[in-house]
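Inspection log for the structure reproduced underneath, given as structure tokens.
The values are calculated or read from the model by the stated rules, or taken from the named source; none is laboratory data. The structure presented is a predicted model; accordingly, all values stated were derived computationally and were not measured. FYI the Cβ positions are ideal-geometry reconstructions off the backbone, even for glycines, and counts take in every protein chain you see.
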Amino acid sequence: MASKPNYARIGDQVFRDVEKINAELFTLTYGAIVAQLLKDFEDVEEVNNQLEKMGYNIGLRLIEEFLARSNVPRCSDFKDTAEVISKVGFKMFLGINATVTNWDPKKPEFSLVLEENPLIDFVEVPEQYQSLVYSNILCGVIRGALEMVQMSVECRFVRDVLKGDDASELKVTLKAMLEEEVPVGED
Amino acid sequence: MNSHLSVAQSAMKNSGSYSSLEQLAAKASFSEKRPQKPLPILSRPIPKGKSEVSLSAFSFLFSEFIQYSLAKVNNITELEKRLSDCGYNIGVRMLELITYREKNYKRETKLINMLTFISYTVWRILFSKQADLLEKSTDQDDEYMISENQSLPITKFISTPREYSGLNCASFVAGIVEGILDAAEFGARVSAHSMPLEGQKQMKTVILIKFNPDVIARSNLTA
Amino acid sequence: MTIFNLFIYSRQGNCIYYEEWNRKNVSSNLDEEQKLMYGFLWQIKNFVQKSSPNPELEKTGFHFFRTNSYKLHFFETATNIKFVITSDPDAPDLRDLLKTIYKNTFVEYVIKNPLYTMGEPVRCELFVEKLQLEVRAHTSYKQK
């Protein structure tokens, strides 16, 4: 049986090789986008949905770059997927380390804990927007990306630094494995 | 000499929706117990600004914002305005950050120094390189141009199809420049244009800055 | 040594990009040909998987076939985007070229382009330009 590749090393290497940009431009751009959404939609819950949807659209495309650059082989199981997302995915795009915790094989689901998050630098959520899930775009990205590799998941924040917790935590649950689309006319 | 407001104070002044001095009541929404309220933003140290993310992450985010905006507008001009407005807010904040970090609160008062600040320092921070060319327009007294011989790093993936011809996504960068100039009291109208490079097929991006009359008048007085 | 044509198929099975160089016989019905190609790829993928002598190993994929007059190379991403390139029979394995096209050209100038909708035919100018540069620069390409 082939030994599992060292995902952390792959993640570091890919991040080292990719072109990079000032993180603060990224942070400020995201902030401006959230501000724009709050202006476009009255309801905070609707903004949360929009952020997730935008993340989903990003995820559909991001997965291609991920596969092309990281060259990781197909994941053997959902737990493997968790490791790849945390060590390679988050590292190569955001330059941060994420940890996999609370692995539950029955559902199956896992949690991703983020100690740092470039989206939320300088950010404080005022009282009237308390139910805003500021980084909800990340949930959408994971959902979109995994759907393109035949996994239907549900992803949501269960802990949020902007709400007072010591770290941010996303819970990812596998709902179903998707079948590859059969072309019209074939069996 | 006037010194800049501190970053945090200015952030409070300028932002609409995402900074507040008021107490953040940690209402339990999805966690059973909230041990403490989040540290208020003014108590947090300002990061060093050396961290980076992949250009792809930014490109995807920017790309999605463009697609989202496309659905909300009726024509190219409106889309460019949205991008420019988005950039404007960023520019205002960037000026505070960069001035605090790089120049120890010193404020530019001369027009040409301000332009050099943008094409050298700001460009270096945003795009890891200085602008290819900064020049004054030969026929207009109030116009200056910052040019990039190739498309900017954040727009190089975008090739506009025929139905969107005339769209320039560098309007976002134009917005950033406009925000910076406005916040530094050098009001101007800034726009982005694509022109073919002399004698070549390649397009260069030009950020055109047209200063307000009072800025030019002031500049001529102090020259 | 030369390269004849390139097909790119979306997940849904539509041919989203087609390009040809040095092709001798002009196709009478390009649409039909592209559909036929896709059907064939689907069938052979299934066949290769089912008739594997060692089914416990990881999923087997089809790489290329070779005839007297041409060689067909195939590469499929984990997201089911398929790249097909045909070359003359003496060309080496061009899967690496397909992977490079995917990584350096397709992802950069198609996927990252906000003005391109996923699944639609590819019409991005920059992509076509860079693709031409990449293919023509490859050692297996020679203008006949």
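Annotations
- Of all the numbered requirements in (1) touching a residue at least 60 places away in the same chain (Cβ under 8 Å); (2) under 17 Å from the mean Cα position of the chain (by Cα), C:M118 misses one, and that requirement is (2).
- Helices (runs of 4 or more DSSP H) contained entirely in the range B:47-136, each with at least 1 residues that are without any contact (Cβ under 8 Å) to a residue 12 or more places away in the chain and within 14 Å of chain C (Cβ to nearest Cβ): B:55-72
- When restricted to residues that are charged (D, E, K, R), touching a helix residue (DSSP H, G or I) at 6+ places or on another chain (Cβ under 6 Å) and modelled with pLDDT under 90, the range A:84-125 contains 2.
- Considering (1) assigned to a strand (DSSP E or B); (2) surrounded by fewer than 19 Cβ atoms within 10 Å (Cβ to Cβ); (3) in contact (Cβ under 8 Å) with a residue 24 or more places away in the chain, the lone condition that A:K107 does not fulfil carries the number (1).
- For the range A:45-55, the criterion of being more than 14 Å from chain C (Cβ to nearest Cβ), more than 19 Å from C:Y102 (Cα to Cα), of a type in the set (A, V, I, L, M) and over 17 Å from the mean Cα position of the chain (by Cα) is satisfied by at least one residue.
- Scanning the range A:44-59 turns up no residue that is surrounded by fewer than 17 Cβ atoms within 10 Å (Cβ to Cβ) and more than 24 Å from B:R82 (Cβ to Cβ).
- Number of the condition not met by C:A91 [criteria: (1) surrounded by 15 or more Cβ atoms within 10 Å (Cβ to Cβ); (2) under 20 Å from B:S159 (Cβ atoms)]: (2)
- Filter pass, B:S159 being surrounded by fewer than 24 Cβ atoms within 10 Å (Cβ to Cβ) and not in a loop (DSSP other than H, G, I, E, B): no
- Any hit, the range C:59-66, residues being modelled with pLDDT under 90, farther than 24 Å from C:A137 by Cα and more than 15 Å from the chain's Cα centre (by Cα): yes
- Qualifying residue in the range C:106-125 (condition: over 21 Å from A:F66 (Cβ atoms) and in a helix (DSSP H, G or I)): yes
- When each of B:S63, B:S69, B:S56 is tested for being on the phi < 0 side of the Ramachandran plot and touching a Leu at 6+ places or on another chain (Cβ under 6 Å), the lone residue that passes is B:S69.
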